[in-house]
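Each value in this text was obtained by applying a stated rule to the coordinates, not by laboratory testing. Predicted model, so just to flag it, every value in this text is computed and none were measured. Cβ atoms come from the backbone with ideal geometry, glycine included; neighbour counts cover every protein chain shown.
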Amino acid sequence: MMLHLHMPAKKYFTEFDRDRHRRYSAAKGAAKQRDVPFLLSFDQWWSIWIQSGHWDERGQHRGTYCMSRYGDLGFYEIGNVFIQETTKNVSQAQKNKIQPQSMKDRLKEVNLHKIMPIDIRKKISQTSKDRCLPYSCLKCHQIFRNQRHFKACKK
């Protein structure tokens with residue numbers, strides 16, 4: 001006779017505990033996706049949030065708070081993290097974002113090709129107008145190439 005032993009599932013005391021552990025796992029996962037080492041234990045992570053007083057205001061939108069790294073550099077570890085407004089964290093990350101010179105040159109090159117001479121733009125515009133199928137208004141029985149008329153038709 002073979003006995004099946006089952007490992008007990010993680011026991012959380014409350015839904016609140018379960019939620020905290022989910023948030024911690026999500027933070028670790030987000031750091032991993034960005035290749036940033038996350039060296040905080042659950043207890044360290046939780047104490048940083050509690051000391052900040054912003055646990056109930058955390059989020060990803062304007063007016064919410066998030067865990068940030070000083071200078072948006074280094075690991076998520078004690079001494080290198082703090083809680084700040086999400087908008088400040090995003091703007092700080094953009095300031096510190098370093099693009100290689102080759103990337104900057106490539107972006108300039110791509111954007112230069114977007115500028116077309118006026119005669120070519122007019123030809124493209126005319127071609128697209130010629131391709132439009134005419135619309136007939138059911139109220140006044142006139143034929144139009146665009147739909148603007150239908151909103152204004154008073155008949």
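Points worth noting:
- Cα gyration tensor category, rounded, prolate or oblate, for region 15-96 with a/c compared to 1.5: oblate
- By the count of neighbouring beta-carbon atoms within 10 Å, fewest first, 36, 81 end up ordered 36, 81.
- Proximal aspartates and glutamates relative to residue 28, as straight alpha-carbon distance under 14 Å, when same-chain residues fewer than 8 apart are discounted: 43, 77
- Restricting region 18-64 to trypsin sites (Lys or Arg not before Pro) in coil, as DSSP defines it, with at most 10 other Cβ within 10 Å: 34, 62
- Residue exposure proxy: 73, 40, ordered by other Cβ atoms within 10 angstrom of their Cβ from fewest to most, comes out as 73, 40.
- Amide hydrogen neighbours beyond the local backbone of residue 64, cut-off 5 Å, H modeled: 86, 87
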